[in-house]
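What follows is a short report on a single structure.
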Amino acid sequence: MDKAFLYSEEFAAFDYGSAHPLKPYRLRLVYELVQAFGLLGPPGVRLIEAVPASEKDLLLFHDRKYLNLLKTLNAGFYVPGAEQYGMGNGDNPIFKGMFDWSELVAGASLQAAEIVNSGEADIAFNISGGLHHALSSRASGFCYVNDPVIAIMSLLKKGRRVMYVDIDAHHGDGVQAAFYETDKVLTVSIHESGYYLFPGSGFEHETGKGPGKGYSVNIPLPPYTDDELFLYAFNEIVPPLFDAFKPDILVSQLGVDAFRTDPLTHLQYTTNGFCKAVETMKALAPKWVALGGGGYDIANVARAWTLAWAIMCGREVSDKIPEEFLKAHGHEGFANGKIRDEEFIGKGNQKELMRKEVERVVSFVKEMVFQKIH
Ligand code: ZN
């Protein structure tokens with residue numbers, strides 16, 4: 001079965017501003033590293049040009065007034081009242097093309113959902129997607145339009161059951177909020193605890209409301225959680241819930257800002273833990289829409305999503321990053337020229353305290369949620 005990689009040269013042209021940590025340019029780096037490893041060649045691989053979503057698509061989730069404002073801001077100039085919608089501050093700057101950017105990202109996630117739903121491919125990866133913080137009429141956490149929600153809404157309209165798994169360092173709050181009161185979508189977010197990190201939510205006792213009770217799952221992790229404890233939580237929660245809920249399609253957010261060298265967060269994952277989680281998602285889901293997400297060390301983004309794409313395609317890649325890529329991009333932080341991180345496992349008293357905390361959260365979630373899912 002084919003695998004689809006969504007991409008547009010346009011991605012890298014957008015710019016949140018030189019001081020902003022989200023660099024759309026990182027997406028070109030992913031594309032070029034994927035190409036350098038020959039992972040977009042046949043057999044069974046399709047490179048698909050991303051096309052912008054229509055306004056009708058965006059209205060699947062977003063408020064018309066909010067979209068009109070976003071469209072006005074596309075020129076890059078401040079409009080009075082923008083801050084009421086979360087725009088114009090440091091996190092969510094007003095920049096030229098911000099509506100075009102949002103339409104393109106959402107369009108690519110919709111295409112990924114459509115390709116997988118129709119059976120054209122069993123896996124589609126939109127590296128630009130995963131902007132999981134945007135609310136229906138508010139920008140938040142670098143996200144103006146919530147492409148995971150829009151993609152999931154499009155699948156619900158076709159009668160699909162969807163499980164959403166989010167391994168970004170930040171809580172997937174926008175996606176959780178959109179589906180908090182329904183049992184049609186099961187959302188799972190594994191992230192650094194809201195006590196220490198934006199957006200300050202995603203606690204284990206947030207489990208859904210009304211018919212959605214039990215269908216929102218949160219695993220907050222203590223700062224400095226490593227691969228071992230992340231994978232323990234992931235493996236205890238995600239496969240059993242997948243088996244119980246039996247979704248038609250898995251949608252996942254593969255943010256890589258939980259890595260040790262990410263400048264914005266305090267978790268300590270490496271490519272080793274990340275890849276094991278990606279392998280498990282692949283093994284679980286016969287139909288899979290994979291999205292990008294956070295990642296502010298851009299060499300990590302390129303390395304991790306290239307490895308993820310290789311896993312999706314069932315291809316092996318050597319550890320050594322091709323010479324021609326390093327020649328062009330070596331200065332971007334590919335220090336040792338390798339695609340994989342060294343293994344890192346935390347030790348000592350702190351680690352044992354963290355282990356107890358993660359075990360406590362996992363057993364709380366099992367008790368509160370497991371028997372409710374069917
Ligand atoms: Zn994040």
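Do we have Ile150 as within 15 Å of the ligand (Cβ to nearest atom), outside any loop (DSSP other than H, G, I, E, B) and in contact (Cβ under 8 Å) with a residue 40 or more places away in the chain here? Here the answer is no, as Ile150 does not meet what is asked.
The residues in the stretch 317-373 that are surrounded by 13 or more Cβ atoms within 10 Å (Cβ to Cβ) and within 30 Å of Phe203 (Cβ to Cβ) can be counted, and the count is 20. Would you say Arg303 is surrounded by 23 or more Cβ atoms within 10 Å (Cβ to Cβ), more than 16 Å from the ligand (Cβ to nearest atom) and in contact (Cβ under 8 Å) with a residue 60 or more places away in the chain? Judged against the criteria, Arg303 is a match. Identification of strands (runs of 3 or more DSSP E) wholly contained in the stretch 153-272 with 3 or more residues that are within 16 Å of the ligand (Cβ to nearest atom) and under 22 Å from Lys366 (Cβ atoms) yields 162-166, 185-192, 216-221.
Among residues belonging to the stretch 190-243 that are small (Gly, Ala, Ser) and touching a Lys or Arg at 6+ places or on another chain (Cβ under 9 Å), point out the one that is nearest to Ile345 (Cα to Cα). That would be Ser216. Could you say whether any residue in the stretch 347-370 is outside any helix (DSSP H, G or I) and away from the ligand (no atom under 16 Å from the Cβ)? Yes, the stretch 347-370 contains at least one residue that is outside any helix (DSSP H, G or I) and away from the ligand (no atom under 16 Å from the Cβ). Could you please let me know if Thr280 is surrounded by 14 or more Cβ atoms within 10 Å (Cβ to Cβ), out of contact with any His (no Cβ under 8 Å at 6 or more places or on another chain), of a type in the set (Val, Ile, Thr) and closer than 23 Å to Ala233 by Cβ? Yes.
Only one of the listed residues (Gly81, Gly97) is more than 24 Å from Gly172 (Cβ to Cβ) and modelled with pLDDT under 95. That residue is Gly81. Restricted to the stretch 41-71, and to residues that are aliphatic (A, V, I, L, M) and over 22 Å from the mean Cα position of the chain (by Cα), which residue is nearest to Glu120 (Cα to Cα)? Top of the filtered list is Leu67. Of the residues in the stretch 130-147, not one is in contact with a Leu (Cβ under 8 Å, 6 or more places away or on another chain), more than 19 Å from Gly194 (Cβ to Cβ) and assigned to a strand (DSSP E or B).
Of all the listed residues (Ala308, Ala335, Ala290, Ala299), the sole one being out of contact with any Gly (no Cβ under 7 Å at 6 or more places or on another chain) and in a helix (DSSP H, G or I) is Ala308.
The values are calculated or read from the model by the stated rules, or taken from the named source; none is laboratory data. All values derive from a computational prediction rather than experimental measurement. Cβ: placed from backbone, ideal geometry, glycine included. Neighbour counts: every protein chain shown.
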